[in-house]
Amino acid sequence: AKRQLGNGIAFFDDGLHQDAIRGYEIERHLQSAIEGKEFFLEYQPKVCLQSGEIKGVEALLRWRSDVLGLVSPAQFIPLAEANGSIVEIGRWVMFEACAQLKRWQQRYPGFFLSVNISMVQVQRDDLLALVDDAIAISGIEPGWLELELTETAVMASPEEYITMLKALKSRGLRLALDDFGVAYSSLAYLARLPVDTLKVDKSFVDRCLESRPDRLIIRTIVQLAANLGMVTVAEGVETEEQRKVLEAEGVDRYQGYLFSRPVAASKIEALLDKSLQV
Ligand code: C2E
Ligand code: CA
Ligand code: CA
Ligand code: CA
């Protein structure tokens, strides 16, 4: 249905119109979400494919708005990136995640935590200061903190980011390339980037049983990572059949609903305590 608004903008699709309204509502309520304590973190285990042990977790941001209810990060993060509020939200995530990591480091030595970092944050000079503050205030051992950056964004202009990535590495933390395999990375740049982990994109995991090319891409990423001294993590693993393929291909770790959805910190502790007993 074509609709004419007062300002002359025509909407040809009610669905699109609804999306625009929803986007506007999300942006409006995002402003007060931090002060309103509407954000919280969930954690998804990263599991060793060989041993089945939980090696660490990825922190994933959740927003329960008083007005809008639970809003998915896939919806609000792009809007927060567009209007710049991701910087403040990203600060909150970093401090919250590091405080949690500190508690876990005392109880579970060798346990690591990954935090998603928006490229909007990487493009700002104050990311280093944020990382330094979060490490100092939380008192964590930085070697057990990993930052996840998307391959697509980093590879869009690797020359621009390499200095920042090296500065981050000099703090002793780890760097991961998220959604790896979809961005046609330049191998020359990949070899020069101070990256520790490649996260095999979920799309390859989804198709690895039916599609030989997708399975071969996973195999190639594993070889590449091994040659460059990097660790591989497969994301979005939902079935035991997929897990077996990933194990056979030599992927180091996996994440996905098969093992656990992202859950509250207390649930992670219950899982770890259970696995320490056996
Ligand atoms: P991502 O970093 O690629 O995170 C993986 C997403 O896949 C998460 O969605 C996770 O809940 C979901 N997932 C995990 N296992 C499975 C599975 O087996 N099947 C399926 N279908 N999905 C699975 P989520 O939590 O909705 O986050 C979506 C995206 O939002 C993330 O993608 C990341 O790009 C962004 N995001 C989340 N938290 C943060 C954050 O704190 N900061 C920033 N900058 N971005 C974040
Ligand atoms: Ca959510
Ligand atoms: Ca991620
Ligand atoms: Ca990902």
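Overview of results
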{"read-out": "Criterion: among the hydroxyl-bearing types (Ser, Thr, Tyr), over 22 Å from ASP125 (Cα atoms) and surrounded by 13 or more Cβ atoms within 10 Å (Cβ to Cβ) - qualifying residue of THR220, THR150, THR197", "value": "THR197"}
{"read-out": "The range 204-217: number of residues that are open to solvent by 30 Å² or more (accessible area, probe 1.4 Å) and within 22 Å of SER114 (Cβ to Cβ)", "value": "1"}
{"read-out": "Residue that is more than 20 Å from VAL182 (Cβ to Cβ), of a type outside the set (Gly, Ala, Ser) and either open to solvent by less than 10 Å² (accessible area, probe 1.4 Å) or not in a helix (DSSP H, G or I) (or both), where the choices are ILE137, ILE89, ILE162", "value": "ILE89"}
{"read-out": "Qualifying positions in the range 165-182 - within 13 Å of ligand 1 (Cβ to nearest atom) and not aromatic (Phe, Trp, Tyr)", "value": "ALA176, LEU177, ASP178, ASP179, GLY181, VAL182"}
{"read-out": "Residues that are within 23 Å of GLY56 (Cβ to Cβ) and either small (Gly, Ala, Ser) or open to solvent by 60 Å² or more (accessible area, probe 1.4 Å) (or both), drawn from the range 117-131", "value": "SER118"}
{"read-out": "Single condition PHE40 does not satisfy, out of (1) at pLDDT 95 or above; (2) part of a helix (DSSP H, G or I); (3) of a type in the set (Phe, Trp, Tyr)", "value": "(2)"}
{"read-out": "Single residue of the range 223-271 satisfying the filter (open to solvent by less than 10 Å² (accessible area, probe 1.4 Å), under 20 Å from ALA59 (Cβ atoms) and among the aliphatic types (A, V, I, L, M)) that is farthest from the chain's Cα centre (by Cα)", "value": "ILE268"}
{"read-out": "Residue check, PRO73 surrounded by fewer than 21 Cβ atoms within 10 Å (Cβ to Cβ) and within 16 Å of ligand 4 (Cβ to nearest atom)", "value": "yes"}
{"read-out": "Test: GLU81 is of a type in the set (Asp, Glu) and closer than 19 Å to GLU42 by Cβ", "value": "no"}
{"read-out": "Residue check for HIS29: over 27 Å from CYS98 (Cβ atoms), open to solvent by 10 Å² or more (accessible area, probe 1.4 Å), touching a strand residue (DSSP E or B) at 6+ places or on another chain (Cβ under 8 Å) and more than 12 Å from ligand 1 (Cβ to nearest atom)", "value": "no"}
{"read-out": "Qualifying positions in the range 140-154 - among the acidic types (Asp, Glu) and within 28 Å of VAL182 (Cα to Cα)", "value": "GLU146, GLU148, GLU151"}
{"read-out": "Tally, over the range 61-70, of residues that are open to solvent by 40 Å² or more (accessible area, probe 1.4 Å) and either under 30 Å from CYS48 (Cβ atoms) or within 13 Å of ligand 1 (Cβ to nearest atom) (or both)", "value": "2"}
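The values are calculated or read from the model by the stated rules, or taken from the named source; none is laboratory data. Just so you know, these numbers come straight off a predicted model, no measurement behind them. Ideal geometry is used to build each Cβ from the backbone, glycine not excepted, and the neighbour counts take in all protein chains shown. What goes into the accessible areas is simple: the full protein's heavy atoms, side chains included, and nothing from ligands, DNA or RNA. Shrake-Rupley method; radii C 1.70, N 1.55, O 1.52, S 1.80 Å.
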